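Please read the structure below before turning to the comments.
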């Protein structure tokens, strides 16, 4: 019997549990029960012990709120508009997963639109979400330049805009972690893949890399720098740009890529050219997407807490909607550095030479 079946619906109606049912069981008023279950401002005056009793009773009685009735009564939709540049990539998928988890637990619903960095589509979708009664916005990898009509949280937002809370990574710390790791392994000739200009993180991350490199005495050479183009959300995006670097015949022993998917595509290119990772070239990515640990070799990368960033965004926009807490323009999150098998000591070779091509090694399975 599925939740959508007629039999299920009939049985549910026969044993319908209301706020009054829970209130009578606990000796409380329906208003108190409603405030606790909906986490409304009135719930602030309810003790933690009483809240726990109410939640436990609701679970035991299999209470299901009447969403339509609540919407009409409170004149609210409990719906958030999520505006994403893409959801097919691991970055967007992980962020939205965190958003969904928190909203679901808070009895909120969300509508997602994908603009693929098309300004006209972004404008159209934002207006469409407004007409559908959303109460706030969460954006991912989307540049916001004007004050929005509703409370808004931007993940990887960097523009200071009134009424927008930006959730950002400490990019300077992230860049330093990666470059210190490579420098500690003896790498000084490092190639870089910059992010697309349309990505909200691209310029900020690159500035952080340049600053960290200067502090560590690492020279960033224009001939060892390429910039991603296009909107491909698969590792194939990194392949041609890694090939560009190799075609320039400028020596480098390590690559720091804008994100994990471009790093994985670069490993593919290096391997195709007979270069070994990390014996000939070390590779560092950025994000720590789920597949990063399962590439061959496992990818060393900067970890963004993407799931947590999505949860923070959802919590922040709900707090803004429901009048809890003060507005903040920025919430910073810390990166972690994850060392795997794609980085190793800089190879010994004659100055000015590209690493000699070698026959690819037989792939080995990771130790269990």
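Tabulated values for the structure
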{"read-out": "Shape call, the range 171-304: gyration tensor on alpha carbons, a/c limit 1.5", "value": "rounded"}
{"read-out": "Residue with peak Gaussian network fluctuation, the chain [Cα springs, cutoff 10 Å], from 120, 194, 172", "value": "120"}
{"read-out": "Selected from 33, 277, 317 as most flexible by GNM, with the chain as the system and alpha-carbon contacts under 10 Å", "value": "33"}
{"read-out": "Whole-number percent relative contact order across the range 37-183, with pairs defined as alpha carbons under 8 Å at least 6 apart", "value": "19"}
{"read-out": "Nitroxide proxy distance, nm - points 7 Å out along Cα→Cβ at residue 127 and residue 26", "value": "4.6"}
{"read-out": "Per-bin percent of Cα-Cα distances, the range 112-180 [5 Å]", "value": "4, 15, 23, 23, 15, 7, 6, 4, 2, 0"}
{"read-out": "For the range 111-234: span of alpha carbons on each principal axis (Å, largest first)", "value": "57, 27, 21"}
{"read-out": "Angle between the chain longest axis and helix 260-272 axis [Cα atoms, degrees, rounded to 10]", "value": "30"}
{"read-out": "Among 52, 38, 166, residue whose mean-square fluctuation peaks in a GNM of the chain (springs only between Cα atoms under 10 Å)", "value": "52"}
{"read-out": "Percentage relative contact order, the chain, counting C-alpha pairs under 8 Å, at least six apart", "value": "16"}
{"read-out": "With Cα atoms, 0 to 90° folded angle of helix 306-321 axis to the chain main axis", "value": "40"}
{"read-out": "Estimated distance in nm for a label pair at residue 45 and residue 250, the labels positioned 7 Å out from Cα along Cα-to-Cβ", "value": "6.8"}
{"read-out": "Folded to 0 to 90 degrees: helix 202-216 orientation relative to the chain principal axis, Cα", "value": "50"}
{"read-out": "Extension gain from residue 56 to residue 146, taking 0.36 nm per residue of separation minus the Cα-Cα distance", "value": "28.0 nm"}
{"read-out": "The range 282-336 and the range 111-127: distance between their alpha carbon centers, rounded to Å", "value": "22"}
{"read-out": "Kirkwood Rh in Å, taken over the chain so that all alpha-carbon pairs contribute", "value": "23.3"}
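Read-outs: derived from the displayed coordinates by stated rules, not from any lab. Values in this document were obtained by computation on a predicted structure and should not be read as measured data. Cβ: placed from backbone, ideal geometry, glycine included. Neighbour counts: every protein chain shown.
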